[in-house]
Amino acid sequence: MTSQSATFHVPGKDDFIVVNDMIVEKRAHAIVERIKDIDDSLEVLCVDPDTCGFSEAPFVLAEIRQTPTGLRAFKVFEFWELNESVVERVHLADSKKHDILEMIDKNNKKIQDDLRSAEREKWESKKDLVKHIIDNTTSSYSYIDEDRKTKITIHDDKPTEVEYRC
């Protein structure tokens, strides 16, 4: 039987600050501040564990807007853990700073460029192979075709041999 050890961080008094007469973890406060920097109408709300169901996320990102009846909170999304992924999600969804269609177009162009580059490399490799076959002075030439997982031997005086490999 093997024993496994885990490292746990025990929060100390330096890990917390007081904000609006409430004790808040510094790391969580920093993440909320970064979200507020992106859009100051966003608020991170902690759901009261006594009033929420077992399968409900403990955090809600809400947008606070003025309506004819006063200020209202509109749910943007729920999340289970207050970490960097929430900031990233808010940042990427910020359509004021990011043109989402432009981001999609850039991503698609990058994928197409990568595919073209891979195809170009493949053709360059084939071109080198043909050059070696032509420059070969012996009566046969063998090479491995990685795409088809075969060994191919080209002969001057008999048909080409193909050995399939697994």
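The values are calculated or read from the model by the stated rules, or taken from the named source; none is laboratory data. What you see is a predicted model, and the numbers here were worked out from it, not measured in a lab. Every residue, glycine among them, receives a Cβ derived from its backbone with ideal geometry; neighbour counts consider all protein chains shown. Side chains are part of the model used for accessible areas, which takes the heavy atoms of the whole protein and leaves out ligands, DNA and RNA. Shrake-Rupley method; radii C 1.70, N 1.55, O 1.52, S 1.80 Å.
Only Lys, Arg, Asp and Glu count, each charged at its Cβ (+1, +1, -1, -1), so figure out the dipole size of the chain about its Cα centre, rounded to 20 debye.
440
The residues of the chain expose on average 83 square angstrom of accessible surface per residue, using a 1.4 Å probe on protein heavy atoms. Packing around the peptides 83-92, 141-150, taken as the average count of other Cβ atoms within 10 Å per residue, puts them in this order, highest first: 83-92, 141-150.
Ranked by the mean number of other Cβ atoms within 10 Å of their residues, highest first, the peptides 36-42, 129-135 come out as 36-42, 129-135. Estimated from helices alone, the mean residue ellipticity of the chain at 222 nm is -12000 deg cm²/dmol (sum of -39500 (n - 2.57) over DSSP H runs with n ≥ 4, per residue). Evaluated on the range 83-132, the Kirkwood hydrodynamic radius is 13.8 Å, with distances taken between all distinct Cα atoms. All alpha carbon pair distances within the range 105-166 were sorted into 10 Å bins beginning at 0; the resulting P(r) in whole percents reads 19, 37, 25, 14, 6, 1.
Compute a Gaussian network model of the chain, connecting alpha carbons closer than 10 Å, and tell me which residue from Glu63, Glu121, Glu33 fluctuates the most. With Cα springs under 10 Å in the chain, the top fluctuation among Glu63, Glu121, Glu33 is at Glu121. The equivalent ellipsoid that matches the C-alpha gyration tensor of the range 19-166 spans semi-axes of 63, 19, 13 angstrom, in descending order.
I'd like to know which of Cys52, Val87, Ile111 lies farthest towards the positive end of the charge dipole of the chain, counting +1 on Cβ of Lys and Arg and -1 on Cβ of Asp and Glu. Comparing the listed Cα positions along the dipole, Ile111 ranks first. Between Thr137 and Asp114, the FRET efficiency from the beta-carbon distance, with R0 = 41 Å, is close to 0.60. Each Lys or Arg adds one and each Asp or Glu subtracts one; over the other residues with Cβ under 10 Å from the Cβ of Ser142, this totals -1. The simple Förster model, with R0 at 41 Å and r as the Cβ-Cβ distance, assigns Thr51 and Ile100 a FRET efficiency of 0.70. Each principal axis of the range 44-114 carries a Cα extent, and these read 53, 34, 17 Å when sorted largest first.
Roll a 1.4 angstrom probe over the protein heavy atoms and tell me the percent of accessible area of the chain that is carbon or sulfur. Here it works out to 54 percent.
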